[in-house]
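The structure appears below as structure tokens.
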Amino acid sequence: MARKKQNSNFPTFDELIIPTLKALVELGGSGTIEEINSKVYEIEKFSDDILQIQHGEEGTVNEVDYRLAWSRTYLRKFGLLENSSRGIWALSKSDIDISKLDYIDIVRTVREQDKLTQPKNKKQENKQKDFEDEVSDEVESSEEWKEQLLNVLYNISPAAFERLAQRLLRESGFFQVEVTGKSGDGGIDGKGIVRVSGLLSFHVIFQCKRYKGTITPSQIRDFRGAMQGRADKGLFITTGTFTRETIKEATRDGAPPIDLIDGEILCDKLKELKLGVETKLTETVDIKNEWYNNL
């Protein structure tokens, strides 16, 4: 992983380690990846131009999010973070004094710890390469399947994508979900009803956009105009991404609220509901060389 900045506004992964800890503290000690990343954006005051730089040619995450994944991995290996099977990351201790931490020391310590677990007869340069490959595999494996899934979604028909959205909402507890897909209807693709705690019901209108690009605030405004007076809430589902200005527009005070599901959240939801995504558990055998050395 390169340690040099591309420019003064683009930090390396190790420079994002302390902001990641600060974000978790502000979130109360735990959070989803989306919550943590959004809080880091706020702390570091990243511009939309920076956040729109994608990792790789057809990556599913932006470069900042990719580097933040490295930061979380190093913090977990250092012992300051832990993550659950449900994708929640949390501080391992509630009394962490961030002012006494140095990201350079954290990176150095994690790499030194890894050297101790490597076979003694292995060349030093190969040890470092193996460690970097291990971390890289750990970070990228979490995104590889999403890229594959999105490529599948890009190639299904618009009608199939609408049916997928209908199934997704039904599996998530919506009822009376209908796909309308009428042309000239302001982009409204369907409607449904969601009931909260078995007491309150909300009529929801949704739009599906099978899209590789970024959704703009004007598209949200157009959708809101089409749903005006016809539903309590709007839901915008896309395989693409949303800018911060788009997110602000969706939650603007005084306007009907619109919930947003981008490509990454969509993949996570399809995986959670097992809709065309199967999770297989494989056994990993880890030989503890140090244990044998201490006999």
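Name the long-range amide H neighbours of Gly240: under 5 Å, sequence gap of 5 or more, or other chain; modelled H, no Pro or chain starts.
Here the answer is Tyr211, Gly263, since their amide H atoms fall under 5 Å of that of Gly240.
Taking every pair of alpha-carbon atoms in region 158-272, give the share separated by more than 18 Å as a whole percent.
Here the tail beyond 18 Å accounts for 47 percent of pairs.
Per-residue HN-Hα couplings for region 64-70, Karplus 6.51 cos²θ - 1.76 cosθ + 1.60 at θ = phi - 60°, whole Hz, x for Gly and Pro?
For region 64-70, the Karplus-derived couplings read 5, 4, 4, 5, 5, 5, 4 Hz, x marking Gly and Pro.
What FRET efficiency, computed as 1/(1 + (r/R0)^6) with R0 = 35 Å and r the Cβ-Cβ distance, is obtained for Asn83 and Ala159, rounded to the nearest 0.05?
Approximately 0.40, to the nearest 0.05.
Measure off 7 Å from each Cα along the Cα-to-Cβ vector at Glu272 and Phe10, then give the distance between these two points in nanometres to one decimal.
Output for this residue pair reads 3.2 nm.
So between Glu144 and Asp232, what do we pick up on full extension, going 0.36 nm a residue minus the alpha carbon distance?
Difference between extended and current length: 28.0 nm.
Length gain on complete extension for the stretch Ser94 to Thr284, per 0.36 nm per residue less the alpha carbon to alpha carbon distance?
In short, 65.3 nm is gained.
Based on the Cβ-Cβ distance from Glu171 to Ser38, what FRET efficiency comes out when R0 is 41 Å, to the nearest 0.05?
0.95
Express in nm, to one decimal, how much length is gained between Arg244 and Ile53 on full extension, taking 0.36 nm for each residue of separation and deducting their alpha carbon distance.
Full extension from Arg244 to Ile53 adds 67.4 nm.
In the structure shown, do any of Lys115/Lys269; Lys77/Lys280; Lys100/Lys280 have a Cα-Cα gap over 32 Å, and if so which?
Checking Cα-Cα distances, Lys115/Lys269; Lys100/Lys280 exceed 32 Å.
Every read-out reported here was derived from the displayed coordinates using simple, explicitly stated rules and does not represent laboratory data. Not measured: the values here are computed from a predicted model. Don't worry about glycine lacking a Cβ; one is built from the backbone with ideal geometry, like all the others, and counts go over all protein chains shown.
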